[in-house]
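The values are calculated or read from the model by the stated rules, or taken from the named source; none is laboratory data. The model shown is predicted, which means the values in this text are computed figures rather than measured ones. Note that each Cβ is placed from the backbone with ideal geometry, even for glycine, and that neighbours are counted across all protein chains shown. Surface accessibility is based on the protein's heavy atoms, side chains included, excluding ligands, DNA and RNA. Shrake-Rupley method; radii C 1.70, N 1.55, O 1.52, S 1.80 Å.
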Amino acid sequence: MIEHVYRRAATTSGVDAVIVAADDERIAAAVNGFGGVVQMTRSTHQTGTDRIAEVAESLECDIIVNVQGDLPLIEPDMIAQAIAPLDLDPDVQMSTLRRPITDASERNLNGDALYFSRSPLPYLRGTGPTFKHIGLYAYRRRFLLTLTSLPQTPLEKAESLEQLRALEHGFRIRTVETLHESVEVDTPEDLERVRRLIVVGTSA
């Protein structure tokens, strides 16, 4: 699964390098096995964002993209879409993707996120646009290091969503609408679904 994510990320236009941040030797062995680049990190990180920041400390670049390993069907164009706001607007420090669907992550009129939740939000009396959040983030390197130096926040801990740390500390997250779907693998059933989709795609 990691190999699928790695190879898709590597084909994204404008991405100079792909590095797997891992704290497990089994993951490192798998990445080395297909010829990928891996950097071992401390095992004490509370979140994936903190793990990425450890790797970012040693890099010389302006933008860091966090592509989670549970998105084996991620489209390279989605990564490019997440990077675009940082290229276009120097005031944007962090971005992520949203897709029109019934699970919501609300945003303001500029497209900045207001909140994220594992539950559908908001409660709507009538009908209205709602969005599914896709767990892909682009950061300015300096902002990422600043963000991960801050303490975890109550809502971040309650929802187990580290992007809430940015919102609770008063930072904005620009959201970009995408029409691409990407299946997150959180259960064995998700994995079987992805395997079927990959087989169908290969046979097609």
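Worth a mention:
- In the range 100-123, the count of residues that are open to solvent by less than 70 Å² (accessible area, probe 1.4 Å), at pLDDT 75 or above and over 30 Å from residue 60 (Cβ atoms) is one or more.
- Residues of the range 60-86 that turn out to be open to solvent by 40 Å² or more (accessible area, probe 1.4 Å), among the acidic types (Asp, Glu) and farther than 13 Å from residue 12 by Cβ, as a count: 2
- Members of the range 8-24 found to be part of a helix (DSSP H, G or I) and touching a residue at least 12 places away in the same chain (Cβ under 8 Å), listed by number: 8, 9
- Filter result (surrounded by 16 or more Cβ atoms within 10 Å (Cβ to Cβ) and more than 20 Å from residue 71 (Cβ to Cβ)) within the range 42-59: 54
- Residue selected from the range 136-154 under the condition in a helix (DSSP H, G or I) and without any contact (Cβ under 8 Å) to a residue 40 or more places away in the chain, by the criterion least open to solvent (accessible area, probe 1.4 Å): 146
- Taken over the range 163-191, the criterion of being part of a loop (DSSP other than H, G, I, E, B) and at pLDDT below 90 is satisfied by 179, 180, 181, 182, 183, 184, 185, 186, 187.
- Those residues of the range 2-41 which are exposed (fewer than 15 other Cβ atoms within 10 Å of the Cβ) and either over 26 Å from residue 87 (Cα atoms) or of a type in the set (S, T, N, Q) (or both), in sequence order: 11, 13, 23, 24, 25, 26, 29, 32, 33, 34, 35
- Filter result for residue 203 (modelled with pLDDT of 75 or more and either open to solvent by 40 Å² or more (accessible area, probe 1.4 Å) or more than 25 Å from residue 86 (Cα to Cα) (or both)): no
- Within the range 155-193, the residues that satisfy the criterion of being closer than 18 Å to residue 83 by Cα and surrounded by fewer than 16 Cβ atoms within 10 Å (Cβ to Cβ) are 177, 179, 180, 181.
- A Cβ distance below 9 Å, combined with a sequence gap of six or more or placement on separate chains, defines the contacts here; from the range 48-63, residues that are farther than 21 Å from residue 92 by Cα reach residues that are loosely packed, with under 15 Cβ neighbours inside 10 Å in the pairs 51/23; 51/42; 54/42.
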